[in-house]
Amino acid sequence: MRLIYLHGLDSDSNAIKAQIVSEYCANHAPHIEVIRPDLNRAPDDVVALLCTLIGENPADTVLMGSSLGGYFANLLSDDTGVPAVLLNPSIRPDLSFRRFLNENFAKQFAAGTLADDAVIYTTTGGWQIRFGDLAWLEKHRLQVKNPNKIKTFLRLGDELLDAFATQEFYSEKGACVCALAGGDHRISDFDEHVAQMVAWARALAQE
């Protein structure tokens, strides 16, 4: 079995949760190959990369994504049918990314003069988010076409994204949701939950 871990914004393939998953599988589930791609690239390029990785062996692959990585995990699940475990996923990055429209960009945005190639934010991993990326994300809205292949883990104390809205979104779609009070967006106590997340992934791969 292959588990492809998708990191969030301002992170990379060495994200803390990615390392925790890798170490857990190495010690407790050595038959699981953990793949950790770097997603610091334009959305089209992320999708192309993931399609290539999934295409190698889709029947034996599960995605696990955190935050923006959760968005891409769900998106690829919609497109390919591959199962996904989502960790405090972003369900509307086109909206949450608007926080990067600073005062100057906000004025141009309001006036309709902001160019699609305008760089509104650069991640720590080097991805230059362009204004046009927001339109791409809005166009590629999550549908949850395969709710039986989606499991979502939420810490409701998420200070960055509205975890309650995410809980409602996936519950209404019929996907499995485990929502715990407190915590934070990064799921700082992830080491206490990694065993359950990997168990979810293994169960999804066997269905």
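Computed from the coordinates by the stated procedures, all read-outs in this text should not be read as laboratory data. Predicted model, so just to flag it, every value in this text is computed and none were measured. We place every Cβ from the backbone using ideal geometry, glycine too, and count neighbours over all the protein chains shown.
Taking every residue in the stretch 178-194 that is more than 13 Å from Leu161 (Cβ to Cβ) and without any contact (Cβ under 8 Å) to a residue 60 or more places away in the chain and pairing it with any residue that is surrounded by 14 or more Cβ atoms within 10 Å (Cβ to Cβ) and of a type in the set (D, E, K, R), at least 6 positions away or on another chain, the pairs with Cβ-Cβ distances below 6 Å are Leu180/Arg155. Of the residues making up the stretch 98-113, those that are without any contact (Cβ under 8 Å) to a residue 24 or more places away in the chain and within 22 Å of Asp45 (Cβ to Cβ) number 0.
Regarding Asp133, is this residue under 29 Å from Ser22 (Cβ atoms), in contact (Cβ under 8 Å) with a residue 12 or more places away in the chain and charged (D, E, K, R)? Here the answer is yes, as Asp133 does meet what is asked. Filter the stretch 169-192 for residues that are in a helix (DSSP H, G or I) and not acidic (Asp, Glu); which is nearest to Thr152 (Cα to Cα)? Filtering the stretch 169-192 for residues that are in a helix (DSSP H, G or I) and not acidic (Asp, Glu), the one nearest to Thr152 (Cα to Cα) comes out as Tyr170. Taken over the stretch 19-47, the criterion of being without any contact (Cβ under 8 Å) to a residue 40 or more places away in the chain and over 16 Å from His7 (Cα atoms) is satisfied by Ala26, Asn27, Pro30, His31, Glu33.
Applying the set (1) under 15 Å from the mean Cα position of the chain (by Cα); (2) in a strand (DSSP E or B) to Thr166 leaves exactly one unmet item: (2). Within the stretch 173-197, the set of residues being touching a Phe, Trp or Tyr at 6+ places or on another chain (Cβ under 6 Å) and surrounded by 16 or more Cβ atoms within 10 Å (Cβ to Cβ) comprises Val177, Val194.
Filter the stretch 6-39 down to the residues that are among the polar types (S, T, N, Q) and surrounded by fewer than 21 Cβ atoms within 10 Å (Cβ to Cβ) and list them by number. Give the derivation first.
Going residue by residue through the stretch 6-39, those that are among the polar types (S, T, N, Q) are 11, 13-14, 19, 22, 27.
Result: Ser13, Asn14, Gln19, Ser22, Asn27.
Criterion applied to Lys151, Lys145 was being closer than 30 Å to Gln206 by Cβ, among the charged types (D, E, K, R) and assigned to a loop (DSSP other than H, G, I, E, B), and the one residue passing it is Lys145.
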